[in-house]
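Trainee: One structure, as structure tokens, below. Some questions next.
The values are calculated or read from the model by the stated rules, or taken from the named source; none is laboratory data. Just so it is clear, the structure is predicted and the values come from calculations on it, not from any experiment. So basically every Cβ, Gly included, is an ideal-geometry build from the backbone, and we count neighbours across all protein chains shown.
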Amino acid sequence: MRDQLNELNRRNRPMKVVAIIPCRYASTRFEGKPLAPILGKPMIQWVYEKAQQAAILTDVVVATDDERIYGCVEGFGGRVLMTASTHRSGSDRAAEAARMLDLSDDDIVINIQGDQPAFDPQSLSKVVSPLMDDLGLVMTTLVYKISDPIQIEDPNHVKCVFDKENFALYFSRSPIPFGRDSAMSFDIFKHLGIYAYRNHFLQRFASLPQGRLEAIEKLEQLRAIEHGFRIKVVETTYDSKEVDSPEDIEKIEMILGNKNH
């Protein structure tokens, strides 16, 4: 009887929208990246505090497998969970954290990559909006129309193509689509590392085997497409610069410094 009452209470409570920031210390390109100082604060603190500015969120949590990151987040007063060190991707880590938070199936989890300290908090409402409007959707993500030609050729900036209903067709580190006719003008969209899922789908996603294309491109979102699930793409006018190497810190400091002023 107690279990039935607990389940009834869970179903009747308001839906939660929780931001989870998966965060690991090891990185082949930039070890310890989440703790890199940016204008006097560690990068993970910038991401956490940006997320806190989004009114749509009921909670913000960092999910890590590293004691140094755990201590850092605790030090600035953030909420942090220790997760396993065996996860294949940030989404898999977010799924474990969501289970630890005891979320309901229909609660929404926003996965924010920990290397985007300059993302715009308004984009979180935008990525969640389709899930609020259509109960049949299970996953959404953000894209941004590329204005800097350098980003098109840079494999660190993932590109996305989508159909006329804004469902993703493919994500790639290569420029897509490829213009065979050099005289043709067309837009290319950059994928921003922010996803939103219904919790029941996030748990399903984490249980799926790695896809062939996911393994080739090293892009976790391809797992959903390879297994037949649809990802709704939402265009935003707010770019989000990632930190991929130590050299990017200076560029991010200029962006954040200008915003603060």
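Trainee: What are the residue pairs meeting all of these: first residue in segment 173-192, first residue over 20 Å from Glu217 (Cβ atoms) and touching a residue at least 12 places away in the same chain (Cβ under 8 Å), second residue assigned to a loop (DSSP other than H, G, I, E, B) and among the aliphatic types (A, V, I, L, M), Cβ atoms under 9 Å, and 6 or more apart or on different chains?
Mentor: Listed pairs, sorted by first residue: Asp187/Ile146.
Trainee: Condition first: among the hydrophobic types (A, V, I, L, M, F, W, C), out of contact with any Pro (no Cβ under 8 Å at 6 or more places or on another chain) and surrounded by 12 or more Cβ atoms within 10 Å (Cβ to Cβ). Now tell me which residues in segment 142-162 satisfy that.
Mentor: Hits for segment 142-162 are Leu142, Val143, Ile146, Val158, Cys160, Phe162.
Trainee: Name every residue in segment 68-108 that is in contact (Cβ under 8 Å) with a residue 12 or more places away in the chain and among the acidic types (Asp, Glu), in order of residue number.
Mentor: Passing the criteria: Asp92, Glu96, Asp105, Asp106, Asp107.
Trainee: If you go through segment 154-164 one residue at a time, do you hit one that is among the charged types (D, E, K, R) and out of contact with any strand residue (DSSP E or B) (no Cβ under 7 Å at 6 or more places or on another chain)?
Mentor: yes
Trainee: Quick one: in segment 64-112, of everything that is basic (Lys, Arg) and surrounded by fewer than 20 Cβ atoms within 10 Å (Cβ to Cβ), which residue is modelled with the lowest pLDDT?
Mentor: Here the answer is Arg88.
Trainee: Something else about it: Give me the residue from segment 113-141 that is within 25 Å of Asp163 (Cβ to Cβ) and among the small types (Gly, Ala, Ser) and, out of that set, surrounded by the fewest Cβ atoms within 10 Å (Cβ to Cβ).
Mentor: Gly136
Trainee: Under 7 Å by Cβ, and 6 or more places apart or on different chains, what pairs join a residue from segment 14-31 that is in contact (Cβ under 8 Å) with a residue 24 or more places away in the chain and closer than 10 Å to Ala94 by Cβ with one that is of a type outside the set (A, V, I, L, M) and assigned to a loop (DSSP other than H, G, I, E, B)?
Mentor: Val18/Thr58; Val18/Asp107; Ile21/Gly114; Pro22/Gly114
Here's the yes/no breakdown for (1) more than 25 Å from Val243 (Cα to Cα); (2) in contact with a Pro (Cβ under 9 Å, 6 or more places away or on another chain); (3) among the charged types (D, E, K, R):
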| position | (1), (2), (3) |
| --- | --- |
| Ala97 | no, yes, no |
| Asp115 | no, yes, yes |
| Asp120 | no, no, yes |
| Leu124 | no, no, no |
| Thr140 | no, yes, no |
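Trainee: Tell me which residues, restricted to segment 1-33, are under 18 Å from Val47 (Cα atoms) and at pLDDT 90 or above.
Mentor: If the condition is that a residue be under 18 Å from Val47 (Cα atoms) and at pLDDT 90 or above, then Val17, Val18, Ala19, Ile20, Ile21, Pro22, Cys23 are the ones that fit.
Trainee: Would you confirm, using the coordinates I've provided, whether Asp181 is out of contact with any strand residue (DSSP E or B) (no Cβ under 9 Å at 6 or more places or on another chain), of a type outside the set (Gly, Ala, Ser), over 30 Å from Gly40 (Cα atoms) and assigned to a loop (DSSP other than H, G, I, E, B)?
Mentor: Yes, satisfied.
Trainee: Follow-up. Within segment 117-134, is even one residue more than 17 Å from the chain's Cα centre (by Cα), part of a loop (DSSP other than H, G, I, E, B) and not basic (Lys, Arg)?
Mentor: yes
Trainee: Could you tell me whether Asp187 is assigned to a loop (DSSP other than H, G, I, E, B) and farther than 25 Å from Pro37 by Cα?
Mentor: yes
Trainee: I'd like to verify a number: residues in segment 163-188 that are among the hydrophobic types (A, V, I, L, M, F, W, C), under 18 Å from the mean Cα position of the chain (by Cα) and either closer than 23 Å to Lys50 by Cα or surrounded by fewer than 21 Cβ atoms within 10 Å (Cβ to Cβ) (or both), how many?
Mentor: The number of residues fulfilling the criteria is 1.
Trainee: Check off (1) over 17 Å from the mean Cα position of the chain (by Cα); (2) in a strand (DSSP E or B) for Val143 and give me the number that stays unchecked.
Mentor: (1)
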